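Before any comments, here is the structure.
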Amino acid sequence: MYRTKYVLKNPSKKSGIGKITIEIYFSRDGRRERMYLPTGEEIHEKYWTNGAISKSYSQKEQLLRRLEDKHHEVKQQLYQWEKELGYLNADLVKAKLEEKPVQEKDMLTLFDEFMEVKRLTAKHKMVIKLNTIRNHLGEFLGKKRMYLVEYNQTFINRLTHYWEQKVGLQPNTIHKNFRFILLFLNYLKKEGVLENEFYKEFQYPRTVETNTIVLTKDEVVKLIQYVPKTNSESKVRDLFLVLIFTGLRFGDAVRISKSWVRGEFLYINTQKTGERVSIPLHPRLKAVLDKYEYDLKPLKISNQKFNDYVKDLCKEAGITDPIEIVRHEKGVRQYLTFPKHKLIASHTGRRTFITNAILAGIPLPVIQKITGHRKLTTLQKYVEIADDSKKSELEKLTNYFK
């Protein structure tokens, strides 16, 4: 058996600064051994009390976090070696530490091969996302050749820090990026490149709550009643109304054609998930489709340009109430206030459809059939948004009787 702890080694007589190490104490068959692994961290001995950092040390939290990451990495590695060898002692650990990676291919080479497979089997959007992650990994590693045996908690933490500080990604995007990396590692396990699923034992960045921007019933009415000033603005307004009254994703909405209509429903095979959905033709939706003879090709525009134009449209329509949102800048949570129109984008239409359908009393399983969500739990957050809307409306009644 073995146990680990922090030890301050060789404090300088002149400066008082020593190196923080991880002591591994082995005990087997009456034989006791100790070995010390460097952490790369140093501290003055006056801030080191009984194997712990003193409360008076100003950088205690940051240092302790780094030490815990390193300690976790060491314990994970010892655990893997013990499973492989049956037991551990100082000589076995030293031999393992001196071993060089046995993989002939580094991580980026394996990732490139994984991408070649995905180019043949995955959707174009996934390939684009994987390519972005591949470029980030290349920039992060630089000239270093990284092997799979070096994939550990420290690497995960440093890559997270890189995405936060250097690239400026939001926490939920980082979470999704690691899901793609896990997809890559699962592929290697399936192909026999990895012997086990050690990578699942690490801690990965979690998702955080984000603001979901939806239009209220009154705001939708404002949009309907607004008279566009130009033909282009009219097309953007019409396309936005299609999104609001179908709940479709942008890429599906611009594909609507007459062949999709059967009776009072639109029947669509969605691009993202391949789900076949049926959408009732709301009178407002029907009015827009009639205007274009059920062929929305004249409304086709890039998602990016639509997102720019719809903000201006909503501003002109008077959808400008201040909204406070939470954003993360370099890992720091910030509370910012914007006029609502600046936060509106194409996906706001889908979210608006779902939220107002819940407010109208439509059961979640029915909404799921219309939107094509694979998991009913995905719609749960919209129930909470709808509840907030009900509370807001009830407050109007409360204020009325004051």
V93 being in contact with a strand residue (DSSP E or B) (Cβ under 9 Å, 6 or more places away or on another chain) and either farther than 30 Å from K272 by Cα or of a type in the set (S, T, Y) (or both)
yes
Yes or no: L266 without any contact (Cβ under 8 Å) to a residue 24 or more places away in the chain and crowded, with 21+ Cβ neighbours inside 10 Å?
yes
Where T320 falls short, out of the listed (1) under 30 Å from W163 (Cα atoms); (2) without any contact (Cβ under 8 Å) to a residue 24 or more places away in the chain
(1)
Out of the residues in the range 1-28 meeting the condition of being assigned to a strand (DSSP E or B) and of a type in the set (G, A, S), tell me which one is farthest from the chain's Cα centre (by Cα).
S27
Report the residue count in the range 68-79 for those that are closer than 20 Å to S27 by Cβ and not hydroxyl-bearing (S, T, Y).
5
Go over the candidates T154, T132, T121 one by one and state the one that is within 18 Å of R179 (Cβ to Cβ) and under 20 Å from the mean Cα position of the chain (by Cα).
T132
Condition check: of a type in the set (S, T, N, Q), within 14 Å of the chain's Cα centre (by Cα) and open to solvent by less than 30 Å² (accessible area, probe 1.4 Å). Does T207 satisfy that?
no
Might you check whether a residue that is touching a Ser or Thr at 6+ places or on another chain (Cβ under 7 Å), assigned to a strand (DSSP E or B) and without any contact (Cβ under 8 Å) to a residue 60 or more places away in the chain occurs anywhere in the range 51-64?
no
Looking at the structure I just gave you, is E82 open to solvent by 30 Å² or more (accessible area, probe 1.4 Å), not in a helix (DSSP H, G or I) and not aromatic (F, W, Y)?
no
Answer yes if at least one residue in the range 157-168 is more than 26 Å from V332 (Cα to Cα) and surrounded by 17 or more Cβ atoms within 10 Å (Cβ to Cβ), and no otherwise.
no
Suppose we filter the range 218-259 for residues that are surrounded by fewer than 17 Cβ atoms within 10 Å (Cβ to Cβ) and at pLDDT below 90; how many remain?
5
Is it true that G40 is over 30 Å from I133 (Cα atoms), at pLDDT below 90 and open to solvent by 30 Å² or more (accessible area, probe 1.4 Å)?
no
Find the residue count for the range 56-67, including only residues that are open to solvent by 100 Å² or more (accessible area, probe 1.4 Å) and closer than 25 Å to I24 by Cβ.
2
Pull out all pairs, ordered by first then second residue, where Cβ-Cβ is under 8 Å, the residues are six or more apart or on different chains, the first lies in the range 225-240 and is without any contact (Cβ under 8 Å) to a residue 40 or more places away in the chain, and the second is outside any helix (DSSP H, G or I).
S234/P228
Among the aliphatic types (A, V, I, L, M), crowded, with 16+ Cβ neighbours inside 10 Å and farther than 23 Å from K200 by Cβ, is that true of I53?
yes
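The values are calculated or read from the model by the stated rules, or taken from the named source; none is laboratory data. None of the values given here were measured: they were computed from a predicted structure. Cβ coordinates were reconstructed from backbone atoms using ideal geometry, including for glycine residues, and neighbour counts include every protein chain displayed. Surface areas here come from the heavy atoms of the whole protein model, side chains and all, with no ligands, DNA or RNA. Shrake-Rupley method; radii C 1.70, N 1.55, O 1.52, S 1.80 Å.
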